[in-house]
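Below you'll find the structure, written out as structure tokens, and then a few comments.
The values are calculated or read from the model by the stated rules, or taken from the named source; none is laboratory data. Since we're looking at a predicted model, the values are computed, not measured. No Cβ is skipped: glycine too gets one built from the backbone with ideal geometry, and neighbour counts run over all protein chains shown.
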Amino acid sequence: MADSVGLFETVKTLTEMLGPSGYEDRVQDWLESKWREAGCEVHRSRVGNLFAKVGGSGPKLLVAAHADEISFRVKSIDADGHLLLTSGTGGSELSPPHFAFVAQPCTVLTPEGEVPGTVGTVTGHVMTKEQRESNRVSWADIFLDIGARSREEALGWGVHVGCPVVADVKTRRVGHNLVGKAMDDRAALAIMTSWLEGIDRQELAYELWFGSTVQEEVGLVGAGSVEGFDLAIALEVGLAGDIPPVSELHIPSRLGAGPLLGHKDAAVHYDKEILRRLAEVAKREEIAIQHLVFLQFSSDGKMFIANDIPTAMVAYPTRYTHSPIETVDLRDLEATLALLKAFAITPSAERPVS
């Protein structure tokens, strides 16, 4: 298994970076530096996807994750300097904002620098009767309080309509859990980066490539231009059903029980042959795995498949997805890394389990 301390520090570094869709440069710059230091050939596409040729020979295997994170955009600025928000991801305001962002510290990325703020909403002491009865949070109910006293003052600080707004929280250990923002999908990028430490390229059964894509959260945009690989593994956050409001009959997966093999999501069915080989490698290496169908979201794998690349999804169980408190278990990240390492040194023609 991976070095827990080293993997945790890499997860912490990557998840605490501010990198909303379209503004992934800090993440890509950091990865490019680390991947080059590890001896990879690295290049970026014109839309900002980052690729690293790790080494090896044989079929071209891409292991990919996305660099962007959940965010808001400034929709308007009221007369008192409050920033009205809209989603910075795909979809529309027909979907309500995630309640977990209320009262969270956030940062506005402006051309002149970063402006801190806090997501505010009406509280019980000042609610109207109608607001009490509605018992829900809509886009009209939340805003970012940056401490300005007028629209002109907010504009003077560099804030304008369209600026991205990102949760600004620290990643921390809570018991067995790692809690923070952007586990989706920076923990996956941390797994890939940790893989490079001590890698023996002579052992690889594939020509191994890493990919860090952009704008996944707004509709798998960066992945749409990825071509030319023989097979791919989309590395993603998973789902976890081990919290009180969720039945494990609905989401049969748990934190700490190993990586997830995703058989389908809301958009595609994943390659059954690659999934079979992953399951056989896991059995040979005695790596506990879980099987899952993913509800209500899809991954970059959809676009890889559309571009004629057979693709499997491998994920690590995650609680409270698309929130500032996304929660994973370091043991699942380590097991995911161990599975990927073992798969990459197993020739595709080999059946490791009789």
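If we scan segment 188-206, do we find a residue that is within 20 Å of Thr89 (Cβ to Cβ) and touching a residue at least 40 places away in the same chain (Cβ under 8 Å)? Show your work before the answer.
Taking segment 188-206 first, the residues within 20 Å of Thr89 (Cβ to Cβ) are 188-189.
Narrowing the set further to residues that are touching a residue at least 40 places away in the same chain (Cβ under 8 Å) leaves 188-189.
Yes, some residue in segment 188-206 is within 20 Å of Thr89 (Cβ to Cβ) and touching a residue at least 40 places away in the same chain (Cβ under 8 Å).
Output yes when any residue across segment 337-349 is of a type outside the set (A, V, I, L, M, F, W, C) and out of contact with any helix residue (DSSP H, G or I) (no Cβ under 9 Å at 6 or more places or on another chain), and no when none is.
yes
Mind counting the residues in segment 212-238 that are more than 14 Å from the chain's Cα centre (by Cα) and modelled with pLDDT under 95?
Number of matching residues: 0.
Hey, any hits in segment 146-164 for a residue that's under 20 Å from Ala335 (Cβ atoms) and either surrounded by fewer than 14 Cβ atoms within 10 Å (Cβ to Cβ) or of a type in the set (Ser, Thr, Tyr) (or both)?
no
What are the pairs, 6+ residues apart or on separate chains, where a residue within segment 296-310 that is without any contact (Cβ under 8 Å) to a residue 24 or more places away in the chain has its Cβ under 8 Å from a residue that is surrounded by 21 or more Cβ atoms within 10 Å (Cβ to Cβ) and hydrophobic (A, V, I, L, M, F, W, C)?
none
For a quick check of your reading of the model, give me the residue pairs whose first member lies in segment 137-156 and is closer than 14 Å to Ser95 by Cα, whose second is surrounded by fewer than 15 Cβ atoms within 10 Å (Cβ to Cβ) and hydrophobic (A, V, I, L, M, F, W, C), with beta-carbon atoms closer than 9 Å and at least 6 apart or on different chains.
Listed pairs, sorted by first residue: Val137/Phe99; Asp141/Val122.
Within the group Phe51, Phe72, which residue is of a type in the set (Phe, Trp, Tyr) and touching an Asp or Glu at 6+ places or on another chain (Cβ under 9 Å)?
After applying the criteria, what remains is Phe51.
Looking at segment 266-285, which of its residues are touching a helix residue (DSSP H, G or I) at 6+ places or on another chain (Cβ under 7 Å) and small (Gly, Ala, Ser)?
Of everything in segment 266-285, those that are touching a helix residue (DSSP H, G or I) at 6+ places or on another chain (Cβ under 7 Å) and small (Gly, Ala, Ser) turn out to be Ala267, Ala282.
Please verify whether Pro105 is farther than 13 Å from Ile142 by Cβ, in contact with a strand residue (DSSP E or B) (Cβ under 8 Å, 6 or more places away or on another chain) and either surrounded by 16 or more Cβ atoms within 10 Å (Cβ to Cβ) or not β-branched (Val, Ile, Thr) (or both), treating the condition exactly as stated.
yes
Can you tell me which residue is nearest to the chain's Cα centre (by Cα) among those in segment 16-45 that are over 18 Å from Asp168 (Cβ atoms) and in a loop (DSSP other than H, G, I, E, B)?
Ser45
Among the residues that make up segment 239-252, is at least one of them at pLDDT 95 or above and within 13 Å of Val63 (Cα to Cα)?
no
Against the definition (part of a loop (DSSP other than H, G, I, E, B) and either under 18 Å from Glu69 (Cα atoms) or small (Gly, Ala, Ser) (or both)), how does Ala257 come out, yes or no?
Yes, satisfied.
From the list Arg319, Arg284, Arg277, Arg331, exactly one residue is closer than 29 Å to Ser21 by Cβ and not β-branched (Val, Ile, Thr). Which is it? Give the steps one after another, and end with the answer.
On the way: Arg284 fails: closer than 29 Å to Ser21 by Cβ; Arg277 fails: closer than 29 Å to Ser21 by Cβ; Arg331 fails: closer than 29 Å to Ser21 by Cβ.
When all the criteria are applied, what remains is Arg319.
Would segment 49-68 turn up any residue that is within 16 Å of Leu109 (Cβ to Cβ), surrounded by fewer than 24 Cβ atoms within 10 Å (Cβ to Cβ) and not hydroxyl-bearing (Ser, Thr, Tyr)? Even if it seems obvious, please write down each step before you answer.
First, pick out the residues of segment 49-68 that are within 16 Å of Leu109 (Cβ to Cβ): 67-68.
Now drop any that are not surrounded by fewer than 24 Cβ atoms within 10 Å (Cβ to Cβ), which leaves none.
No, there is no match, as no residue in segment 49-68 is within 16 Å of Leu109 (Cβ to Cβ), surrounded by fewer than 24 Cβ atoms within 10 Å (Cβ to Cβ) and not hydroxyl-bearing (Ser, Thr, Tyr).
Out of everything in segment 270-327 that is outside any strand (DSSP E or B) and among the polar types (S, T, N, Q), what residue ends up being nearest to Gly238 (Cα to Cα)?
Of everything passing the filter in segment 270-327, Thr318 is nearest to Gly238 (Cα to Cα).
With the requirement that a residue be of a type in the set (A, V, I, L, M, F, W, C), more than 20 Å from Ser33 (Cα to Cα) and either without any contact (Cβ under 8 Å) to a residue 12 or more places away in the chain or not in a helix (DSSP H, G or I) (or both), what does segment 207-229 give you?
Leu220, Val221, Val226, Phe229
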